[in-house]
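Asker: Mind looking over this structure? Questions follow.
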Amino acid sequence: MPNLDLLEDEILRVGELAAHGQTELATIEAIRCLASGPTGARPDLLNDLALLRHADQDVVGAIGCLRAALEADPGNTLAQQNLAVLEESELSARTWRSADAACATGAATLNPWVLDALQTAERLVGLKGKCVLEIGGSVPIEAVRALGVQHWTACDLNPDVAQAADYTALRTDAAATLLPSESIDVAYSVCAFEHFDRLDAVLAEAHRVLRPGGRLFTQFAPIWSSSVGHHVWIMEQGQPLVTFNDHVIPRWGHLLLEEHELLAFLAITRGPELARRLTDYVWHHAYINRLCEGDFRRIVDSSAFQVEIYDKWGGSSAPQKEMRDALRHRWPAGGEFGMHGMRIVLRK
């Protein structure tokens, strides 16, 4: 049985945080309050949470909260009014689909972040005329040839099957490529370092295969400590159903909420089945490595490489003050929570 006086204090804190513009932490605290007792007992809190979700562009979530408030209290005038406004004005909520549903994700298509990485790698470390190892991906052979490389070796668990005199695709672990030592000029990687379980071993292998003076270039995001570091990517019938770009999970919610708390919230906003799929992904999926920015910094600094560039990449979402304090309290070694990802250049 929850302590009702304590719960009332927590609900008052939600209102105070929201009134002072601390909407991110207010959302987290509201979800905690909901998960601590019967959801139907707090239609007022569901109303507040609906407003917070709408402010974060989660219209579907806002509507879910209002419907839950009305289920608990059919005569709740505020919920009725807010729901009528949203259902009338937000047509997108009735025809909603993931922001990534129309984006190609296959290896045969160069996504914008891959194009950016190739252009930036050419500018910073040079690719033309060199033997390149791609770590955790397989840029299509046509795109590789347009770069003018001498030879491209793609190292991926599910690589493009194309093979040629100037292009090799290896189905292998990035930490054990079996390539000859000092046989590579440049190691290149895009949006892969946030997935590797043994990043230290991957860096050690890259160092082994690079020639003296060779360099490693990587850009990757989102990392676990970022606002969308849960990296949720749920597919259905070959299309993205929910991704980290959709604001379905509150910013930094994966870092501050317990699994049962997020599950209770998502069951209201997305239904119990999808809620379970989402929380399973966040806490149990092997697709992401759950390394914070501070972890990446320590791994890079302890490697055999010389660090030339260690900078933010992929945007940033600086947490508000009280949110930052909460994150640092919960994750004292987490490092910088505002960085979505990183651009790193290392030299052997």
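Asker: Consider ALA93 carefully, then state whether it is at pLDDT below 90 and not in a helix (DSSP H, G or I).
Answerer: Criteria not met by ALA93.
Asker: Please identify the pairs in which a residue from segment 164-180 that is over 11 Å from THR153 (Cβ atoms) and modelled with pLDDT under 90 has its Cβ atom under 7 Å from the Cβ atom of a residue that is open to solvent by 50 Å² or more (accessible area, probe 1.4 Å) and assigned to a loop (DSSP other than H, G, I, E, B), counting only partners at least 6 apart or on another chain.
Answerer: ARG171/LEU157
Asker: Check whether at least one residue in segment 212-229 is modelled with pLDDT of 95 or more, over 12 Å from the mean Cα position of the chain (by Cα), open to solvent by 10 Å² or more (accessible area, probe 1.4 Å) and under 24 Å from ILE141 (Cβ atoms), and report yes or no.
Answerer: Yes, segment 212-229 has at least one match.
Asker: Take the residues in segment 272-289 that are in contact (Cβ under 8 Å) with a residue 40 or more places away in the chain and outside any helix (DSSP H, G or I); name whichever of them is least open to solvent (accessible area, probe 1.4 Å).
Answerer: Among those that are in contact (Cβ under 8 Å) with a residue 40 or more places away in the chain and outside any helix (DSSP H, G or I), it is ILE288.
Asker: Can you report the number of residues in segment 310-348 which are of a type in the set (A, V, I, L, M, F, W, C) and open to solvent by 50 Å² or more (accessible area, probe 1.4 Å)?
Answerer: Residues flagged as of a type in the set (A, V, I, L, M, F, W, C) and open to solvent by 50 Å² or more (accessible area, probe 1.4 Å) within segment 310-348 amount to 3.
Residues checked against (1) open to solvent by 30 Å² or more (accessible area, probe 1.4 Å); (2) modelled with pLDDT under 85; (3) not in a helix (DSSP H, G or I):
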position	(1), (2), (3)
GLY15	yes, yes, no
THR27	no, no, no
ALA30	no, no, no
GLY40	yes, yes, no
LEU49	no, no, no
ARG67	yes, no, no
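Asker: Considering only residues that are surrounded by 24 or more Cβ atoms within 10 Å (Cβ to Cβ) and aliphatic (A, V, I, L, M), look in segment 193-208 and name the one that is farthest from the chain's Cα centre (by Cα).
Answerer: For segment 193-208, the residue satisfying everything is ALA206.
Asker: Filter the strands (runs of 3 or more DSSP E) completely within segment 148-210 down to those with at least 1 residues that are touching an Asp or Glu at 6+ places or on another chain (Cβ under 8 Å) and at positive phi.
Answerer: none
Asker: Could you grab me the full set of residues in segment 310-339 that are within 23 Å of LEU203 (Cβ to Cβ) and out of contact with any helix residue (DSSP H, G or I) (no Cβ under 7 Å at 6 or more places or on another chain)?
Answerer: Scanning segment 310-339 gives ASP311, LYS312, TRP313, GLY314.
The values are calculated or read from the model by the stated rules, or taken from the named source; none is laboratory data. Given the structure is predicted, the values throughout are model-derived calculations rather than measurements. Ideal geometry is used to build each Cβ from the backbone, glycine not excepted, and the neighbour counts take in all protein chains shown. Each accessible area value is taken on the protein alone, full model and side chains, heavy atoms only, with ligands, DNA and RNA left out. Shrake-Rupley method; radii C 1.70, N 1.55, O 1.52, S 1.80 Å.
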